[in-house]
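A.B. asks: Sharing a structure with you now.
Taken together, the values in this text are just the output of simple stated rules run on the coordinates, not laboratory data. As the structure is a computational prediction, the values presented were derived from the model and not from experiment. Please note: Cβ atoms are built from the backbone with ideal geometry, for glycine as well, and neighbour counts cover all protein chains shown.
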Amino acid sequence: MDCVFCKIIKNEIKSEKIYEDEDVICIRDINPQAPIHILIIPKKHIEKLYQTDEIELLGKMLKIACLMAEKEKIKESGFRIVINTNRNAGQSVEHIHFHLLGGRVMLWPPG
Ligand code: AMP
Ligand code: ZN
């Protein structure tokens with residue numbers, strides 16, 4: 001399958017992996033939008049957030065995002081978790097992932 005995140009999971013493309021378990025990996029985003037920009041990615045190839053009923057997996061990804069926020073020392077200062085879905089939101093990789101962003105003040109509303 002021609003999916004960049006599946007290739008990263010299979011180590012066919014290099015990445016800076018900072019977490020891995022049987023279900024999830026975390027990597028640093030190649031084009032960071034904040035001093036800390038980590039992607040939380042399920043190993044299972046799911047294209048859209050609304051296509052899965054795997055509540056447990058999604059919940060686990062949120063907990064891992066919080067763990068990463070703690071490890072990267074942005075828990076107290078603050079962080080944002082973003083899930084872009086489809087064209088208007090700017091989803092560019094068709095394999096679900098949470099963005100964890102922090103290390104700077106974020107704007108609201110987002111751009
Ligand atoms: P989205 O636009 O929400 O689908 O997010 C996809 C993210 O994946 C973008 O922030 C990209 O910079 C990031 N990305 C794409 N290819 C790679 C890669 N090979 N390694 C790390 N991050 C990547
Ligand atoms: Zn994939």
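A.B. asks: What number comes out for the charge environment of Ser15, summing +1 per Lys or Arg and -1 per Asp or Glu over other residues with Cβ under 14 Å away?
C.D. replies: That works out to +2.
A.B. asks: Take the alpha carbon gyration tensor of the stretch 4-102, find the square roots of its eigenvalues, order them as a ≥ b ≥ c, and report rounded if a/c is under 1.5; if not, report prolate when a/b exceeds b/c, else oblate.
C.D. replies: Taking the square roots of the gyration eigenvalues as a ≥ b ≥ c, the stretch 4-102 is rounded.
A.B. asks: Got the relative contact order for the stretch 4-102 handy, in percent, Cα pairs under 8 Å and 6 or more residues apart?
C.D. replies: 31 percent
A.B. asks: Please compute the modelled spin-label separation between Met1 and Glu94, points set 7 Å along Cα→Cβ, answer in nm with one decimal.
C.D. replies: 1.1 nm
A.B. asks: Name the cysteines of the chain that stand alone by the Cβ rule: no other cysteine Cβ under 4.7 angstrom.
C.D. replies: Within the chain, the cysteines lacking a partner Cβ under 4.7 Å are Cys26, Cys66.
A.B. asks: Would you mind ranking Met106, Met1, Met68 so that the residue whose beta carbon has the fewest other beta carbons within 10 Å leads the list?
C.D. replies: If I rank by nearby Cβ atoms, fewest first, I get Met1, Met106, Met68.
A.B. asks: Then there is this: With a 10 Å cut-off between alpha carbons and a GNM built on the chain, which of Asn11, Asn31, Asn86 moves the most?
C.D. replies: Taking springs between Cα atoms under 10 Å, the residue moving most is Asn31.
A.B. asks: Counting other beta carbons within 10 Å of each residue's own, what order do Ser77, Ser15 fall into, fewest first?
C.D. replies: Listing Ser77, Ser15 from fewest to most nearby Cβ atoms yields Ser77, Ser15.
A.B. asks: Counting each DSSP H run of 4 or more residues in the chain as -39500 (n - 2.57), what helix-only mean residue ellipticity at 222 nm follows after dividing by all residues, to the nearest 500 deg cm²/dmol?
C.D. replies: Theoretical 222 nm ellipticity from helices: -7000 deg cm²/dmol.
A.B. asks: Evaluate the distance, in nm, between pseudo-label points positioned 7 Å from the Cα of Glu76 and of Asn31 along their respective Cα→Cβ axes.
C.D. replies: Here the modelled spin labels are 3.4 nm apart.
A.B. asks: Which distance in Å, rounded to a whole number, links the C-alpha centroids of the stretch 1-53 and the stretch 55-106?
C.D. replies: Rounded to whole Å, the Cα centres lie 11 Å apart.
A.B. asks: Provide the per-residue ³J(HN,Hα) series for the stretch 58-64, in order, calculated from phi with Karplus coefficients 6.51, -1.76, 1.60 and θ = phi - 60°, each as a whole number of Hz, with x at glycine and proline positions.
C.D. replies: Going residue by residue, I get 5, x, 4, 4, 5, 5, 5 Hz, with x marking Gly and Pro.
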